[in-house]
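Visitor: Dropping the structure in here first, questions after.
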Number of protein chains: 2
Amino acid sequence: VSLGYADPAGHPALRGLLGDMVARSRGVPVDDGELLVTRGSQMALYLAARTILSPGDVVAVEAWGYRPAWEALRLAGATLVPVPVDAGGISVDALSELTKTRKVRAIYVTPHHQYPTTALLSQPRRLALLALARAERIAILEDDYDHEFHYDGRPVLPLASADTRGNVIYLGTLSKIFAPGLRMGFAIAPRKVIERMTALRILVDRQGDHVVEAAMAELIEDGELERHARRMRRIYATRRETLVEALDKHLSGIATYKVPQGGMAIWTHTPGIDVEAWSERARERGVYIHTAKRFAFDGRARPYLRLGFAAESEARIRTAIERLAEAVPRG
Amino acid sequence: VSLGYADPAGHPALRGLLGDMVARSRGVPVDDGELLVTRGSQMALYLAARTILSPGDVVAVEAWGYRPAWEALRLAGATLVPVPVDAGGISVDALSELTKTRKVRAIYVTPHHQYPTTALLSQPRRLALLALARAERIAILEDDYDHEFHYDGRPVLPLASADTRGNVIYLGTLSKIFAPGLRMGFAIAPRKVIERMTALRILVDRQGDHVVEAAMAELIEDGELERHARRMRRIYATRRETLVEALDKHLSGIATYKVPQGGMAIWTHTPGIDVEAWSERARERGVYIHTAKRFAFDGRARPYLRLGFAAESEARIRTAIERLAEAVPRG
C-alpha cells in the first residue's frame, strides 16, 4: 500500500472486488471504469448530483426522506419537488403526473427499504419507474443504503440491475455494515459519469484512504465482509422480532405497523396522538424517538414514528418500548 | 475513540492540540470553534470557497499557481482573475489596480513559499495586502501548505497572525509532514465561517476519520509531530543543498535560480531554452520535470522549471541533474 498520492477513484483491488461483489450478489453488471469508491454514500450522492445537475434542474425526491441527501442535491443546484410515498414506496403515478408539467432531470430514491418508512418499492412500480425514466430521460439516483439488511427472503435486486440504458446511478455504502465512522461508499454509473465524478472528487478531498481501502479489499477477498454482514443480519432480525413483540405487548391499539422485510427500523402509525408531545415525554424518561416531522419534506408533524432497532440490545429495546407506553400523552 | 457518527468539525482533542500548536508556533490565535479539521487542505479550500463565495464572485489568484486549487474555487462559482507574481511574491500593486475596476471578493494566496515559484511574500507587501483586504473587504484565503519546511531562519508568520478583522481564512495541512496519502488539513477562520464550513462538510463526506484523527492528536501531544517535522526539515535542507550543487556543476550558464528559503523545489529560469522539448528529451532519459506551463494561469509555455528536491535521495538528485544537462536541446 502506498502512502503517496494514489488513484482518486479508489484502490484498484477494492474497486475490482466491490464490482465483482455487486455483480454477483446484486445483479448489477460493472465494467472497468464504472465504479468509484467514495467516503460514504453521502459523498457519492454529492459527487453524482454535482456531475449530472445544472443549477435549477428539477429533482424529484420522496416526500419522506433523509434531509442530508436533499441538502446535497440542493448544494448541487437542484430544485427539489416531493413525490408521495405509501406502503408500496414512491408513487410512480404521481411522478409521471409531475413530468407532464415540469422537466424532471433526476429522481433520488431509496427503493429497497424506503427511508424512513422502510417500504419496499413494488415490482410494478419498479418497471414503471424504469420505463418512465427511459421515456423522459430522467436520471435515477438509487440509494441502496442498506442492501444487506433484508431479513425475509433474498434482497430485492436494485433498479440498476434492470437498467439497460445507463439511466441509473447506483449508490452503495459499506459504513452500515462495519461502522458509521468508517466512511466508505461507492457509486456505479456509466464510465463517462464516473470519470466526471472522479475529476470532481480530486477537488473535494483528492483521494480516499488507500490504507483503509486496501484493508477493506482484504476483508472482501477473505469473505469476512459477507460473514460479518450475515452475523449482523441475524442479530438485527432478532432485534426486529423483539421490537415487534414489545410493540404488540405495550402499544397495541395505539401503534399500528407493518413488519418491515428489511432495514433498521419499524415505521409506526399512531393515529390521533400528538407525537411531538409524546417524544418530549419519552425524552424525559430517557427514550429518544424520531417523529415523522424530522423526515417530512414539508416539515409538518404527522402521527408516525420511526423506531430504530438495529443499534440497541434486546433488553434495551424492551425497556424503551415499556417507557414509551408509559409516556403516551392522554389528550 | 468512537466508531460511530462523530463531530464533523474533527476530533475534539485534535482540534484543541492543533489550535494550541498553531497559536504557539505560528502566532495565529485560535479560539474555540474557530478550527475545522478536514481531509487535506484541498477540502479545506473547497469548503471555504463554497462558504464565502456566490456564483460569479471575482477571486484573484497568483498568475503562477496550483491548478486543483483554482478548480476548487471555480467549482464554488468563482470567476478567477490572475495577478502577476515576481521574486517578492504576488504583486499587491497589481491587485490594488484590479480592485479599481472590479469588485474582488477574495484572494487565494500562498505567501510563505509561493507555489510554484517558492517566493516569500515580502514584508511590505504583506502589510499592503492586509490593509487592502481591510479597506476593500476582500477575504484572504491563505494557503500555508508547507509552513514547516523553511530552512533559513524561522518560518515567517502567516498573514493570519496579523489579521485583526477576521479577513483571513487560514488553510494548513499535515499531509505534507507525514504522507500525501494521509489526508489531513485544517482551516482557521471566524467562528461563523467555521460553522458554515462544517455544515457543508456534513453534506460532502459527513465527518473525517476519527480514529486517524485521534492518533494524530497523540502524535502532536507526544511531540512526535514536531520531532518528525524537524527530521524532515534537516533531510530536505540537505537535498536542497545537493540540488544547488548539482545545478551549479551541470547547468551553470543555462539555469539561473535563487536558493529558496523554504519549500520543496527550486524555481529555475532557463532563458532562451525550449523547456517543453527539454522536458520531452529528459523524459526519454527517465527524468521527469515540471515546466512553467503546468503552473501558468494562461497555460502558456515559458522558460522556467520547477525542480523538486524533497521526494528524491541525494544520489538520485545528482543523477537526475546530470541527465537533465545531457538532455538540453541545442536550438
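Visitor: Rg and Dmax of chain B, using alpha carbons, in Å: what are they?
Guide: 20.2, 63
Visitor: Only Lys, Arg, Asp and Glu count, each charged at its Cβ (+1, +1, -1, -1), so figure out the dipole size of region B:157-287 about its Cα centre, rounded to 20 debye.
Guide: Charge dipole of region B:157-287: 200 debye, to the nearest 20.
Visitor: Once the convex hull of the alpha carbons of region A:117-177 is built, what does its volume come to per residue, in cubic angstrom?
Guide: For region A:117-177, the hull spanned by Cα atoms encloses 96 Å³ per residue.
Visitor: Follow-up question, since we're still on this one. Just the C-alpha atoms of region B:167-219: what Rg/Rh do they give, with Rh taken as the Kirkwood radius?
Guide: Result: Rg/Rh = 0.99.
Visitor: Counting only C-alpha contacts under 8 Å and six or more residues apart, can you give the relative contact order of region B:61-185 as a whole percent?
Guide: Numbers: 176 pairs, mean separation 25.2, N = 125.
Here the relative contact order equals 20 percent.
Visitor: Just how much of A:TYR5 is accessible, in Å², when a 1.4 Å probe is used and the result is rounded to the nearest 10?
Guide: Estimated to the nearest 10 Å², A:TYR5 gives 120 Å².
Visitor: Using the Cα centre of chain A as the reference point, and only Cβ charges (+1 on K/R, -1 on D/E), how large is the resulting charge dipole? Debye, rounded to the nearest 20.
Guide: Dipole magnitude for chain A comes out near 660 debye.
Visitor: Normalising by the residue count of chain B, find the relative contact order in percent from Cα pairs under 8 Å and 6+ residues apart.
Guide: Dividing the mean separation by the residue count of chain B yields 20 percent.
Visitor: Right, another one. With all pairs of different alpha carbon atoms counted, what Kirkwood hydrodynamic radius in Å does region B:264-331 show?
Guide: About 12.3 Å, per the Kirkwood formula over Cα pairs.
Visitor: Based on the alpha carbon coordinates of region A:66-174, what radius of gyration and maximum Cα-Cα distance (Dmax) apply, in Å?
Guide: Reported Rg and Dmax, both Å: 13.3, 40.
Visitor: Is region B:61-120 best put as rounded, prolate or oblate by its Cα gyration tensor, with a ≥ b ≥ c the root eigenvalues, rounded for a/c under 1.5, and otherwise prolate when a/b is larger than b/c, oblate when not?
Guide: oblate
Visitor: Oh, and also: Work from the charge dipole of region A:168-308 (Cβ charges, +1 for Lys and Arg, -1 for Asp and Glu, about the Cα centre) and give the residue of A:ALA179, A:GLY272, A:GLY208 farthest towards its positive end.
Guide: A:GLY272
Visitor: If Rh is defined by the Kirkwood formula over all Cα pairs and Rg also comes from Cα, what ratio Rg/Rh do you get for region A:142-199?
Guide: Values: Rg = 13.0 Å, Rh = 12.8 Å.
Reported Rg/Rh (Cα atoms, Kirkwood Rh): 1.02.
Visitor: Report, largest value first, the span of the C-alpha coordinates of the protein assembly as shown along each principal axis, in whole Å.
Guide: That gives 91, 50, 50 Å along the principal axes, largest extent first.
Visitor: Something else about it: Quick check on my link table: of A:LYS100/A:LYS258; A:LYS103/A:LYS192; A:LYS258/A:LYS293, which ones sit more than 25 Å apart, alpha carbon to alpha carbon? Write down the numbers at each step before the final one.
Guide: Values: A:LYS100/A:LYS258 33 Å; A:LYS103/A:LYS192 23 Å; A:LYS258/A:LYS293 20 Å.
In this structure, A:LYS100/A:LYS258 lie more than 25 Å apart at Cα.
Visitor: Could you calculate the FRET efficiency of B:GLU312 with A:GLU221 from 1/(1 + (r/R0)^6), where r is the beta carbon distance between them and R0 is 41 Å, rounded to 0.05? Spell out each step's value before the answer.
Guide: Values: r = 34 Å, r/R0 = 0.84.
Efficiency, from the Cβ-Cβ distance: 0.75.
Visitor: Does anyone have the angle between helix A:40-52 and the longest principal axis of chain A? Alpha-carbon axes, 0 to 90°, nearest 10?
Guide: Result, in degrees: 60.
Visitor: What are the distances, in nm and sorted shortest first, from the label point of B:ASP248 to the label points of the same position in each other copy, with each label point placed 7 Å from Cα along the Cα-to-Cβ direction?
Guide: 8.8
Visitor: Compute the accessible area per residue over chain B, keeping the other protein chains in place, probe 1.4 Å, unit Å².
Guide: With the other protein chains kept in place, chain B gives 42 Å² per residue.
Visitor: In addition: Please report the buried accessible area for the interface of B with A, total over both chains, probe 1.4 Å, in Å² to the nearest 100.
Guide: About 2500 Å² of accessible surface is lost on pairing.
Visitor: Here's something else I'd like to know. Is there a simple number for the mean count of other chain Cβ atoms within 10 Å of the Cβ of residues in B:205-214, and what is it?
Guide: For this peptide, the per-residue mean of nearby foreign Cβ atoms is 5.
Visitor: Another one. Can you give the angle from 0 to 90° between the axis of helix A:275-284 and the longest principal axis of chain A, with both taken from C-alpha atoms, to the nearest 10?
Guide: Approximately 80 degrees, to the nearest 10.
Visitor: Net charge within 10 Å of B:GLU314 by Cβ-Cβ distance, Lys/Arg positive one each and Asp/Glu negative one each, not counting B:GLU314 itself?
Guide: Values: positive: B:ARG239, B:ARG316, B:ARG318; negative: B:GLU241, B:GLU245, B:GLU312.
Within the 10 Å Cβ shell, the charges total 0.
Visitor: Kirkwood hydrodynamic radius, region B:142-270, all distinct C-alpha pairs: what's the number in Å?
Guide: Its Kirkwood hydrodynamic radius stands at 17.4 Å.
Visitor: 222 nm [θ] for chain B, helices only, -39500 (n - 2.57) per DSSP H run of 4+, per residue, to 500?
Guide: The helix-only estimate for chain B comes to -13500 deg cm²/dmol at 222 nm.
Visitor: Now, a different point. Let me check I've understood the local charge: for A:VAL275, count other residues with C-beta under 11 angstrom from its C-beta, Lys and Arg +1, Asp and Glu -1. What total comes out?
Guide: Residues near A:VAL275 contribute +2 overall.
Visitor: Considering the zone a paramagnetic label at B:TYR5 would reach in this model (a point 7 Å from Cα along the Cα-to-Cβ line), which residues of region A:32-67 have amide N under 13 Å from it?
Guide: The answer is A:42, A:66-67, whose backbone nitrogens lie closer than 13 Å to the label point.
Visitor: Between the helical axis of A:314-326 and the dominant principal axis of chain A, each derived from Cα atoms, what acute angle in degrees is found, rounded to the nearest 10?
Guide: With rounding to tens, the tilt is 50 degrees.
Visitor: In debye, nearest 20, what is the charge dipole magnitude of region B:104-177 about its Cα centre with +1 on Lys and Arg Cβ and -1 on Asp and Glu Cβ, if you could check? Kindly include the intermediate steps, with their values, before the conclusion.
Guide: Values: 8 positive and 8 negative charges, 65 e Å.
With only Lys, Arg, Asp and Glu charged at Cβ, the dipole is about 320 debye.
Visitor: Please express the Cα-Cα pair-distance distribution P(r) of region B:186-331 as a list of whole percents, one per 10 Å bin, running from 0 to the bin with the greatest distance.
Guide: 10, 29, 22, 20, 16, 2
Visitor: Report in % the part of the accessible area of chain A that belongs to carbon and sulfur, leaving out ligands and nucleic acids; probe 1.4 Å.
Guide: Ligands and nucleic acids excluded, carbon and sulfur give 50 percent.
Visitor: Using bins 5 angstrom wide from zero, how does P(r) for region A:1-84 break down, in % of all Cα pairs?
Guide: In order of increasing distance, the bins hold 3, 13, 18, 17, 16, 16, 12, 4, 1, 0 percent.
Visitor: Can you list the residues in region A:169-186 whose accessible area drops by at least 50 Å² when all protein chains are present, compared with the chain alone? Use a 1.4 Å probe, heavy atoms only.
Guide: Residues losing area: A:PRO180, A:GLY181, A:ARG183.
Visitor: Also, quick follow-up: Starting from 0.36 nm per residue, how many nanometres of slack lie between B:ILE235 and B:LYS192 once their C-alpha separation is accounted for?
Guide: 11.5 nm is the gain from fully extending B:ILE235 to B:LYS192.
Visitor: Follow-up question, since we're still on this one. Along the charge dipole of the protein assembly as shown, Cβ charges K/R +1 and D/E -1, which of B:HIS250, B:GLY308, A:TYR66 sits furthest on the positive end?
Guide: Going by the Cα projections, it comes out as A:TYR66.
Visitor: So what are the three principal axis dimensions of region A:1-143 from its Cα atoms, in whole Å, longest to shortest?
Guide: That works out to 51, 33, 28 Å along the principal axes.
Visitor: Related question: Based on DSSP, what percent of beta bridges with both residues in chain A are antiparallel, to the nearest 5?
Guide: About 55 percent, rounded to the nearest 5.
Visitor: Same structure, new question: Quick check: Cα centre of region A:239-274 to Cα centre of region A:287-318, how many Å?
Guide: Taking the Cα centre of region A:287-318 as reference, the centre of region A:239-274 is 10 Å away.
Visitor: Which net charge results when you count Lys and Arg as +1 and Asp and Glu as -1 among the other residues whose beta-carbon is under 10 Å from that of B:VAL83?
Guide: -3
The values are calculated or read from the model by the stated rules, or taken from the named source; none is laboratory data. Not measured: the values here are computed from a predicted model. Positions of Cβ are backbone-derived with ideal geometry, glycine not excepted, and every protein chain shown enters the neighbour counts. Note: areas computed on protein heavy atoms with side chains; ligands, DNA, RNA excluded. Shrake-Rupley method; radii C 1.70, N 1.55, O 1.52, S 1.80 Å.
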